């Protein structure tokens, strides 16, 4: 069966394929390796997954904070950021 | 396999700190989209709230990278930097491949012009202008902190990506 020409270019143009990350294949690192190194998995993240990981990550950092050399202002900034993350997580959790 | 306490701390903070950084970035991207929508509809109270929240998140993100880098430079040079080089990863590994950060910078750039214009022509109030300036200041602080971290771990040196292109051009 003869292939129908596409309505916009009458089959004059053949398609090309491009990678999802917009990078030409090469022996050069990229976003996938960055994510893999830092143990970041890209997926459809549900609200409950987001809440659980926010709690876990916040807990680990807060537990370790006393052992760090961060000064008072840096600790306050980090804890304020964690507070915003946790408020957002709580909003998701209570809306369910 | 046994690992020393110092090395375990370095690995944990470097990667856990990046996890916290990414959680901040994801939140910032959500709020930057909300800010853009508020700007388009000229909802200035909403803009002000989003700008204030974004400045706090940016400050938290900067502090999370300070936490991520809180270990001796020797552990970076002997343990983490080699793990970010071949054969463990491809050449040119770089923080530039942090897709969430690149998206955040693009979104931030997209609101900068419209915000400046709205403040300049008086459509947005002075407090919106001041909140916007505070957000740009947090961006400057973040860049300065990033330079300090680079200098701490690779004094006067090149990033792995810069090294890759320097080698490729020779």
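FYI, it's all coordinate maths here, none of it is from the lab. It should be emphasised that the depicted structure is a prediction, and the values quoted were computed from it without experimental measurement. Heads up, the Cβs are rebuilt from the backbone with ideal geometry, glycines too, and the neighbour counts pull from every protein chain shown.
Fewest first, what order do B:5, B:101 take by the number of other Cβ atoms within 10 Å?
Ranked by crowding around the Cβ, least crowded first: B:5, B:101.
So what's the angle, to the nearest 10 degrees on a 0 to 90 scale, between helix B:99-120 and the longest Cα principal axis of chain B?
So the helix axis and the longest Cα principal axis differ by about 30 degrees.
For a quick check, take a GNM of chain B with Cα springs below 10 Å and name the residue from B:97, B:71, B:21 with the largest mean-square fluctuation.
Comparing B:97, B:71, B:21 in the GNM, the peak value goes to B:97.
Take every residue in peptide B:89-96, count the Cβ atoms of other chains within 10 Å of its Cβ, and give the average of those counts.
Taking the mean over all residues of the peptide, I get 5.
How many partner chain Cβ atoms sit within 10 Å of a residue's Cβ in peptide B:11-18, on average, as a whole number?
4
If you fit an axis through the alpha-carbon atoms of helix A:47-64 and take the longest principal axis of the Cα set of chain A, what angle between them do you get, 0 to 90°, nearest 10?
It works out to around 40 degrees.
Per DSSP H run of n ≥ 4, the term is -39500 (n - 2.57); total these for chain A, divide by its residue number, and report the mean residue ellipticity at 222 nm rounded to 500 deg cm²/dmol. Mind showing how you got there, number by number?
On the way: 3 runs with 49 residues, N = 96.
Only helices count here, giving -17000 deg cm²/dmol.
Roughly how tilted is helix A:72-95, in degrees to the nearest 10 and between 0 and 90, from the longest Cα axis of chain A?
60 degrees
When the expected Rg is taken as 2.2 N^0.38 Å, what fraction or multiple of it is the alpha-carbon Rg of the range B:5-168?
Scaled against compact globular proteins, the figure is 1.21.
Using the number of other C-beta atoms within 10 angstrom as an exposure proxy, rank B:137, A:96, B:13 with the fewest first.
Details: B:137 13, A:96 7, B:13 20.
The fewest-first ordering by Cβ neighbours comes to A:96, B:137, B:13.
In whole Å, what is the distance between the alpha-carbon centres of the range B:56-88 and the range B:113-137?
34 Å
Return a whole-number percent for the relative contact order of the range B:5-168, with Cα pairs under 8 Å and 6 or more residues apart as the contact set.
About 34 percent, as a whole number.
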